[in-house]
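Student: What follows is a structure written as structure tokens; I'll ask about it next.
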Amino acid sequence: MLRPAGIAFVVLGVVWGSNFIFMKWASESISAGQITLLRVVFGFVPVLAYALLRRAFAWWHLRHLHHFVVMSVLATSLYYYAFAAGTSVLPSGIAGALSGAIPLFTFLAAAIFLRSEHVTPRRFLGVVVGFGGVLLIARPWEAAGVVDPLGVLFMLLGSASVGASFVYAKRFVSPLRIAPAALTTYQIGLALPTLLVATDLQGIAALSEDPRALLGVVVGLGLLGTGVAYILYYVIVDILGAVTASSSTYIPPVVALAIGWWLVGEPLGLLDAGAVALILLGVAVLRWGQRASRSGSATVAEATERGTPA
């Protein structure tokens, strides 16, 4: 069972890492809100089918609808929109690199809202190193500006949103003992009506004029990047455990940079590569600190088992 799980682990990281180039292509034709809506529409189909196959739904789940609504905002609507908006004004590789900050925001939210998560010198060092990498990408001290600061802010907003969703899931959703397949379906399904109401659909048909972008949104972002990715994630959780599954977030920043530089021809400087290394190093130190400080209670990383993948 370990070999299929290992393959799924790598595939998941590659799928998530490729999301950024698909968002970049789509942003040339439609808005960030429209990208988000279409991603959720096409991602919902395989997630719903998987949950039905697993018979994950129950009527008593409805009493916790308010928690599902919060998760739909934090881990779907706001998260996807911010990443789409950030990627639209940044090189796709840089956007993907900034997504590596998700675990840093997860820890910050946990340190504030969860008593079980303590700030230790080792964890503090991991956060400082990781955000040092973010700062190195943005480089606000350069007058001309290397990257669009608004794009960086959008990527950080998306990372903070999904990071907060892990903590919310840990505190309010995990104790409910609802099957992850059901939680994911509720989360994405509830995002659909809010996105339909909030999204201006004018000009969305322009996506059909670019077959590459259309295929990227429907298959890359929707069916694979959202639907299949969630299913793969929970397969990995079942076999390897939630902590190991959450480590798949190391792969997307590297994949996104490689696709942007090697396949698309986006510029990649030594500072950018060093910044990504710092972000990943910060995350590694942070998780090392988490493992070192565990005393029999679940960490935030384990909350992903009943929360949502990054």
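Read-outs throughout are calculated quantities, based only on the coordinates presented, and are distinct from any laboratory measurement. Keep in mind it's a predicted model, so treat the numbers as computed, not measured. Every residue, glycine as well, gets a Cβ built from its backbone with ideal geometry; the counts of neighbours run over all protein chains shown.
Student: Starting from the alpha-carbon convex hull of region 78-174, give the projected area averaged over all orientations, in nm².
Tutor: On the way: hull surface 26.6 nm².
With every direction weighted equally, the projected area is 6.6 nm².
Student: How big is D for region 2-303, in µm² s⁻¹ as a whole number, if Stokes-Einstein is applied with the Kirkwood radius of its Cα pairs at 37 °C and 0.692 mPa s?
Tutor: Details: Rh = 19.4 Å.
Here the translational diffusion coefficient equals 169 µm²/s.
Student: While we're looking at this one, here's another question. Using packing as a proxy for protection, rank 281-288, 68-75, 98-105 so that the peptide with the highest average count of other Cβ atoms within 10 Å comes first.
Tutor: 98-105, 68-75, 281-288
Student: With a 10 Å Cβ neighbour count serving as the proxy for reagent exposure, in which order, fewest first, do HIS67, HIS61 appear?
Tutor: On the way: HIS67 20, HIS61 17.
The fewest-first ordering by Cβ neighbours comes to HIS61, HIS67.
Student: Also, I was wondering about something else. I need TRP261, TRP60 ordered by Cβ neighbour count within 10 Å, fewest first.
Tutor: Fewest to most other Cβ atoms nearby, the residues stand as TRP60, TRP261.
Student: A further question on this structure: Express in whole angstrom the spacing between the alpha-carbon centres of region 88-112 and region 13-68.
Tutor: One Cα centre to the other: 19 Å.
Student: I'd like the FRET efficiency for LEU270 and VAL10, computed as 1/(1 + (r/R0)^6) with the beta carbon distance as r and R0 of 25 Å, rounded to 0.05.
Tutor: Rounded to the nearest 0.05, the efficiency is 0.40.
Student: With a/c under 1.5 counting as rounded, go ahead and sort region 1-67 into rounded, prolate or oblate using the C-alpha gyration tensor (a ≥ b ≥ c being the square roots of the eigenvalues; past the cut-off, prolate if a/b is larger than b/c, else oblate).
Tutor: Note, shape of region 1-67 comes out oblate.
Student: For the ranges 147-154, 264-271, what's the packing order if you count other beta-carbon atoms within 10 Å of each residue, average per peptide, and put the highest first?
Tutor: 147-154, 264-271
Student: Any idea what the relative contact order of region 2-303 is, in percent, if you count C-alpha pairs under 8 Å spaced at least 6 apart?
Tutor: Normalised by residue count, the contact order of region 2-303 is 42 percent.
Student: About the Cα centre, and with charges only on the beta carbon of Lys, Arg (+1) and Asp, Glu (-1), how big is the dipole of region 2-303? Nearest 20 debye, please.
Tutor: 1220 debye
Student: Mind checking the full-extension length gain between HIS64 and PHE124? Use 0.36 nm per residue of separation minus the Cα-Cα distance, one decimal, nm.
Tutor: Here the answer is 18.1 nm.
Student: Continuing with the same structure: Most exposed first by the Cβ proxy, i.e. fewest other Cβ within 10 Å, how do SER174, SER31, SER208, SER159 rank?
Tutor: SER208, SER174, SER31, SER159
Student: Explain nothing, just compute: Karplus ³J(HN,Hα) = 6.51 cos²θ - 1.76 cosθ + 1.60, θ = phi - 60°, for every residue of region 261-267 in order, whole Hz, x for Gly and Pro.
Tutor: Computed from phi, the couplings for region 261-267 are 7, 7, 8, 9, x, 6, x Hz.
Student: Taking 7 Å along the Cα-to-C-beta vector as the label spot, tell me the GLN202-ALA277 distance in nanometres, rounded to one decimal.
Tutor: A separation of 4.9 nm, rounded to one decimal place.
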